Amino acid sequence: MKYLIIGNGVASTCAAEAIRQLDPEGAITMVADEAFPPYCRPMISMVLEGAVPPDRLPIRDKNFYDNLKITPVLGKRATGIDVKNRRVFVPGNGDSAQTAIEFDKLLIASGADPRPVRAEGTGLKNIFYMRTEQHVRGMLAALPSARNALVLGGGLVGFKAAYGLLRRGIRVTLLIRSGYPLAMQVDETAGKMILDELIRHGLDVRVGAEVRAFGGNGTVQSAHLSDGTEIPCDMAVIGKGVLPALSFVPRDDIDTDLGIMVDEHMETRAPGIFAAGDVAEFIDIARQTRWVNAIWPEAVAQGRIAGMNMAGRPVAYRGSLSRNVIRIFGLDIMTGGIVNPPENTSCRVIRRISPAQNTYRKLVFHGETLAGMAMINNIDQGGVLLSLIQNKTPIRIPGEALLEPSFNARQVMGGPVFA
Ligand SMILES: Cc1cc2nc3c(=O)[nH]c(=O)nc-3n(C[C@H](O)[C@H](O)[C@H](O)COP(=O)(O)OP(=O)(O)OC[C@H]3O[C@@H](n4cnc5c(N)ncnc54)[C@H](O)[C@@H]3O)c2cc1C
């Protein structure tokens, strides 16, 4: 059996390990754009802030490819898939324009690409995305001469970039469309608490404006905003979200929506071709609809499940759940599932805020099950709450009891239904 895996991120890594566990003899080839060995992508922001040295990034032993008898084809970007003849194209060596790699089973785990920003001058030096270890290496090199940084986007990546740069003692301006950071993960109350914490630590925030152009002589020096103002910056980070990396995927043979559409075995419409991780789209457990949840734990689970199915053991994936745990200066933040239900749904929302303690707990119920949560500085039993969402466990105590961090997890599943 010839297995071919596109990508060497965590979804690919877990898939390769699952295949090798079940099939000691099959040939596994891994084609990857990045030549760096598999690493912990979320940790690049910790490298930026200086909390973790770059040599802590790898997630596997340096002999990973040898140990698993994988043929790595690194530093090459797959450019196309010939579904009928079961081949993947990569740039060739020497005179050949391209090389075809044959497969019996294929996994597409190409992750996501940063969403580009439409502005003039984005080619200037010291304007970065923050997706790869190479991006962060570039940012680290720019730090010694940087005094003012501009960060675009208040999503997970923009927010982490702003935090990391603030911790490096750089003056940071964060430009966000919504009135607060992490708008996809938290609600307005939690968002404002996070914003206050960032401002307390020196963050400058601009809302409602966009960058029209960057100025500078070779290297970025300023940003010109849609509201007519100009911001001095000798470094800029574009953190406007990500898009599944599927430009090389033939849409006639493989169904795509935002991501590559897969079934519960992580298989696409094309038999024997699978997708996993940030590039894949399947059902979101809380939303009960198709969704791309581009988060690390789901990439791990999906990669593993895809690998097992590719190697012939049928295993079903239940669906993904958005969730995150983040520490920002003095705040612990935990979120999961649907945090901002649309107004016309039958969801019931309960909340408790304590300004004195700077704590917040919000729960979203759908019928008798928990569908979402957002918590700040009061995240005890957050793991239990997540598993209640994930398992759609009927809540058998009053929902308000779950606002108490000391709720009795055993009672949740016993007794009469109140929620
Ligand atoms: C700064 C940052 C912070 C994050 N923080 C968190 C967090 O706190 N919590 C969390 O859960 N998640 C976080 N994430 C998201 C998490 O890192 C991703 O969900 C996870 O890495 C996805 O893994 P993957 O294997 O699907 O894709 P990736 O890790 O993106 O790996 C895909 C690989 O495929 C390669 N590739 C792409 N196209 C091709 C091609 N055509 N040919 C060959 N190779 C290709 C890419 O170069 C890459 O190496 C963060 C991400 C970033 C960038």
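Whole-percent P(r), the chain, all Cα pairs, 20 Å bins from 0: 25, 53, 22, 0. Close amide H partners of Ile59, meaning residues 5 or more places away or on another chain with modelled amide H under 5 Å apart, are Tyr39, Cys40. Decide, for the range 313-362, between rounded, prolate and oblate: order the square roots of the alpha carbon gyration tensor eigenvalues as a ≥ b ≥ c, take rounded if a/c falls under 1.5, and otherwise choose prolate if a/b is larger than b/c, else oblate. Judged from the Cα gyration tensor, the range 313-362 comes out oblate (a/c at least 1.5, b/c at or above a/b).
Annotation for the range 1-59 versus the range 302-380: alpha-carbon center distance of 26 Å. Protein heavy-atom accessible surface, 1.4 Å probe, per residue over the chain: 45 Å².
The spread of Cα positions in the range 258-394, taken along each principal axis and listed from longest to shortest, comes to 57, 35, 26 Å. Taking packing as the residue-averaged number of other Cβ atoms within 10 angstrom, the listed peptides 96-106, 291-301 run from highest to lowest as 291-301, 96-106. Sort the range 330-413 into rounded, prolate or oblate with this rule: let a ≥ b ≥ c be the square roots of the eigenvalues of the Cα gyration tensor; rounded if a/c is under 1.5, and if a/c is not under 1.5, prolate when a/b is larger than b/c, oblate otherwise. It is oblate, given that a/c is not under 1.5 and a/b is not larger than b/c. In this structure, the residue pairs whose Cα-Cα separation is over 21 Å, taken from Lys2/Lys84; Lys192/Lys362; Lys160/Lys392; Lys62/Lys240; Lys160/Lys192, are Lys160/Lys392; Lys62/Lys240.
Between the range 225-271 and the range 177-207, the alpha-carbon centres lie 24 Å apart. Listed by chain and number, the aspartates and glutamates whose C-alpha is less than 12 Å from the C-alpha of Lys105, apart from same-chain residues fewer than 8 away, are Glu267. Taking the 1.4 Å solvent-accessible surface of the chain as the whole, the part contributed by carbon and sulfur is 49%. For the chain, the relative contact order is 14 percent, taking Cα pairs closer than 8 Å that sit 6 or more residues apart in sequence and dividing their mean separation by the residue count.
Within the range 9-74, report the trypsin sites (Lys or Arg not before Pro) that DSSP leaves as loop and that have at most 10 other Cβ atoms within 10 Å. Passing both the DSSP loop test and the Cβ count: Lys62. Taking 0.36 nm per residue of sequence separation and removing the Cα-Cα distance, the Asp82/Asp61 pair yields an extension gain of 4.2 nm.
The values are calculated or read from the model by the stated rules, or taken from the named source; none is laboratory data. This is a predicted model, so every value here is computed, not measured. Every residue, glycine among them, receives a Cβ derived from its backbone with ideal geometry; neighbour counts consider all protein chains shown. All accessible areas refer to the heavy atoms of the entire protein, side chains included, with ligands and DNA or RNA removed. Shrake-Rupley method; radii C 1.70, N 1.55, O 1.52, S 1.80 Å.
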